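Asker: I have a structure here, written as structure tokens, and I will follow up with some questions on it.
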Amino acid sequence: METRALGDTGQESTVLTFGSIALNWLEQEGANQLVELVLDHGVNHFDVAPTYGDAELKLGPKLRQYRDDIFLSCKTQKREYEGAARKIDRSLDRLGIDTIDLYQIHGLEYEDELDTITADGGALDAIHEAKAAGKIDHIGLTSHGNPELILDAIDRIDDLETVMFPLNPVVAGKNDGEYDYEAVLERCESEGIGTLGIKAFAKGSWPPTDELAEADRPYANWYEPVDTPETVRERFDFAAAQGLDTVVSPGDPKLVAMVLDAASRSEGMDEARQRAVIEEARHDDSPVPEQLHH
Amino acid sequence: MSVDDVPETVTAALADQQVEGRVCLEAGAGVGNTTAGLLAAGAERVYAVTNDADHAVTVRERVGDGNADRLVVIEADLRATPLATDGVDLVTAHGLCNVLPPVELDPIAAELTRVAKPDSRLVVDDYGVPPSGAAVNRLFTLENAAARVVDGRPALTFYPPAVLAAVFAEHGWTVERKKTLLDPVPWTGAHLDAHAEVVRGYADRLPDVVGEPLTAMAEDLVAAIGSERTGTMYNLAFRLAD
Ligand SMILES: C[S@@+](CC[C@H](N)C(=O)[O-])C[C@H]1O[C@@H](n2cnc3c(N)ncnc32)[C@H](O)[C@@H]1O
């Protein structure tokens with residue numbers, strides 16, 4: 001599988017990152033098998049979080065067995081020193097390893113969170129301390145919030161090395177600032193910050209729960225995913241073609257094999273096709289009066 | 001709707017054009033996609049010309065806000081516009097030619113050339129001829145049949161890029177670049193509905209005994225096709241001789 005430099009971290013990540021949340025829905029034996037499958041496809045970057053149920057625990061055994069082959073990223077939703085320091089130790093403990101390769105401030109949504117994180121006694125202090133102690137290697141951020149806020153975080157966190165954010169044809173077709181993750185991508189490229197794409201496989205929101213109960217959803221994703229080999233492949237190729245360093249696989253274990261296949265066989269996507277995919281998505285929910293043309 | 005919502009096709013077609021500070025003519029304004037793109041790219045002025053009164057209203061509503069000093073919507077025939085000779089730096093014809101019957105191509109090319117300054121630029125975006133097996137051809141054929149009965153002219157003609165290049169070459173334009181905007185073209189349910197709506201418009205002007213089956217056929221075709229990815233949309237960038 002193709003690898004790309006993860007910004008200036010020195011890490012060469014496969015263009016597909018395994019979203020280890022998928023392990024949460026499997027028994028340990030199944031989790032081990034899935035990790036083996038992922039490694040067999042050459043994937044060398046795994047992403048996990050303490051909030052993904054048992055995913056850290058289930059990843060642990062195989063992670064330890066193949067520790068040198070896996071670049072591991074983890075996250076914290078804690079915004080203050082105490083909480084973040086505790087989460088780092090807890091994740092190290094649950095994963096059973098000494099160092100997390102990339103530790104990310106997870107799910108940044110509001111400006112005041114950024115204030116807390118960067119203030120004295122904020123999460124960033126704990127992360128810096130852990131880095132000095134060798135518990136983590138690189139510092140990152142994840143957000144599906146306002147792109148402006150992400151740009152702000154890049155300005156305010158000097159040693160930020162990666163950013164994880166949503167990118168798919170629906171997002172790319174929206175030109176208003178609220179969805180301008182392309183600006184984030186450009187900024188990251190120009191500053192040597194690594195980029196990880198999420199929601200690449202999102203088709204849309206789930207129907208309201210009175211129409212489809214949460215328990216009846218066919219996939220364990222937060223959004224309704226694309227789920228045919230062709231659409232999965234198209235979404236992967238699209239995301240990879242935008243220039244992301246790596247694309248995170250979807251959260252449902254049933255989709256992982258299909259995504260691995262897509263990533264292994266990817267031959268890129270030319271611009272005319274990227275535009276076609278964006279335009280198709282844009283017309284699906286366009287407020288513009290009915291149009292004959294593109 | 002605002003100048004923010006510019007399709008990728010338009011953005012790609014204009015990407016390597018000098019638009020900022022230029023006087024532009026959008027030939028065949030439609031619902032204003034390219035007008036929006038030109039304004040967003042900093043055009044000094046955009047003359048948006050259409051012969052359709054509803055389109056003129058739509059364009060004003062969509063992109064008029066905040067652009068009163070830069071946007072001039074003109075209802076006129078492109079074969080004879082009220083624009084001054086040699087006044088325009090950049091002409092755009094995005095999705096225009098496919099709605100023109102062959103006999104209109106040359107007079108419109110002549111008029112666009114008249115209003116363009118020496119050394120100006122022309123951007124022509126249009127569809128390649130859809131592959132013969134494409135399902136959308138059935139809807140387009142029906143649309144053309146209805147148009148011929150009512151207006152005595154086709155609604156749609158797909159010109160290969162070499163044909164349009166030759167038409168404009170007659171008037172002194174040289175192709176500087178060709179690019180593929182869409183491959184494949186995504187004909188979504190919304191596009192097909194819009195084409196069925198055109199058939200309905202023609203059917204309304206015919207006796208029910210002809211009009212009703214025409215409309216029903218269009219609706220059936222839309223349902224049967226659903227959506228289709230087929231063909232290409234291309235972009236030609238021309239320069240006018242000094
Ligand atoms: C398909 S639309 C073009 C789409 C538009 N350029 C855009 O970017 O959204 C074609 C337009 O050309 C106009 N048109 C067609 N023939 C014309 C003519 N002979 N003179 C003036 N306008 C014409 C139609 O009324 C319509 O507004």
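Asker: Computed on protein heavy atoms with a 1.4 Å probe, what is the summed buried accessible area for the chain pair B and A, in Å² to the nearest 100?
Answerer: Roughly 2500 Å² of accessible surface disappears when B and A pair.
Asker: For segment A:38-114, run through the chymotrypsin sites (Phe, Trp or Tyr not before Pro) and keep only the ones in DSSP coil with at most 12 other Cβ atoms within 10 Å of their Cβ.
Answerer: Loop-located and lightly packed - A:Tyr110.
Asker: Once both labels are modelled 7 Å past Cα along the beta-carbon direction, what's the B:Val57-B:Arg153 spacing in nm?
Answerer: 2.3
Asker: Something else about it: Just to be sure I understand the interface: list residues from segment A:162-191 that lose 10 Å² or more of accessible area between the chain on its own and the complete protein assembly, 1.4 Å probe.
Answerer: A:Asn175, A:Asp176
Asker: A further question follows. Mind jotting down the three principal axis lengths of segment A:16-281 based on Cα atoms? Whole angstrom, largest first.
Answerer: Principal-axis extents of the Cα atoms in segment A:16-281, largest first: 48, 45, 41 Å.
Asker: Okay, next question. Could you work out what % of the accessible surface of the protein assembly as shown is carbon and sulfur, using a 1.4 angstrom probe and leaving DNA, RNA and ligands out of the count?
Answerer: Here it works out to 47 percent.
Asker: How big, in percent, is the set of alpha carbon pairs in segment B:170-242 lying more than 16 Å apart?
Answerer: 64
Asker: Which FRET efficiency value, to the nearest 0.05, is calculated for B:Asp16 and A:Glu230 with the Förster distance at 30 angstrom and r the Cβ-Cβ distance?
Answerer: Step by step, r from the Cβ atoms, then E = 0.40.
Asker: Still on this model: Roughly speaking, what is the stretch gain from A:Arg86 to A:Glu2, that is 0.36 nm per residue apart minus the C-alpha to C-alpha distance, in nm to one decimal?
Answerer: 26.7 nm
Asker: What's the longest uninterrupted piece of chain A once you rule out the GluC sites (Glu not before Pro) that are loop residues per DSSP with at most 11 other Cβ within 10 Å?
Answerer: A:28-210
Asker: In nm, to one decimal, how far is the A:Asp155 label point from the A:Arg217 one, both placed 7 Å along Cα→Cβ?
Answerer: For A:Asp155 paired with A:Arg217, the spin-label model returns 3.5 nm.
Asker: If you don't mind, there's one more thing I want to ask. Calculate, for chain B, the solvent-accessible area per residue in square angstrom, rolling a 1.4 angstrom probe over the heavy atoms of the protein chains.
Answerer: Dividing the accessible area of chain B by its residue count gives 41 Å².
Asker: Looking only at GluC sites (Glu not before Pro) in DSSP loops with at most 15 other Cβ atoms within 10 Å, what is the longest site-free stretch of chain B?
Answerer: B:45-169
Asker: Related question: Averaging sequence separations of C-alpha pairs under 8 Å and six or more residues apart, then dividing by the length of segment A:16-281, give the relative contact order as a whole percent.
Answerer: Taking the mean separation of contacting Cα pairs over the length of segment A:16-281, I get 17 percent.
Asker: May I pose another question? Residue separation times 0.36 nm, minus the C-alpha to C-alpha distance between A:Glu12 and A:Arg265: what's the value?
Answerer: The A:Glu12-A:Arg265 span can extend by a further 89.2 nm.
Asker: I've got another one for you. Against the empirical 2.2 N^0.38 Å scaling, what ratio does the C-alpha Rg of segment B:1-137 come to?
Answerer: 1.02
Asker: With each label point set 7 Å from Cα along the Cα-Cβ vector, what nm distance links A:Ser205 and A:Arg67?
Answerer: With each label point 7 Å from Cα toward Cβ, the separation is 4.4 nm.
Asker: Further question on the same structure: Can you show me the helix-derived [θ] at 222 nm for the protein assembly as shown, built from DSSP H runs with n ≥ 4 at -39,500 (n - 2.57) apiece and divided by the number of residues, rounded to the nearest 500.
Answerer: Value at 222 nm, helices only: -13000 deg cm²/dmol.
Asker: Moving to a separate point now. Determine, at each q value in 0.09, 0.10, 0.14 (inverse angstroms), the log₁₀ of I(q)/I(0) that the Debye formula gives when each Cα of segment A:149-294 is one equal point scatterer.
Answerer: Here log10 of I(q) over I(0) equals -0.31, -0.39, -0.75.
Asker: Give me the 1.4 Å probe accessible area per residue for segment A:16-281, excluding ligands and nucleic acids, in Å².
Answerer: 41
Asker: Could you give the Stokes-Einstein D for chain B in µm² per second, using the C-alpha Kirkwood radius, 20 °C, 1.002 mPa s?
Answerer: Once the numbers are plugged in, D ends up at 116 µm²/s.
Asker: Could you work out the mean projected area of the convex hull around the alpha carbons of the protein assembly as shown, in square nanometres to one decimal?
Answerer: Approximately 27.9 nm², given one-decimal rounding.
The values are calculated or read from the model by the stated rules, or taken from the named source; none is laboratory data. Bear in mind that the values here come from a model prediction, so they are computed numbers and not experimental data. Note: ideal-geometry Cβ built from the backbone for every residue, glycine included; neighbour counts use all protein chains shown. Ligands, DNA and RNA are excluded from the accessible area calculation, which covers all protein heavy atoms including side chains. Shrake-Rupley method; radii C 1.70, N 1.55, O 1.52, S 1.80 Å.
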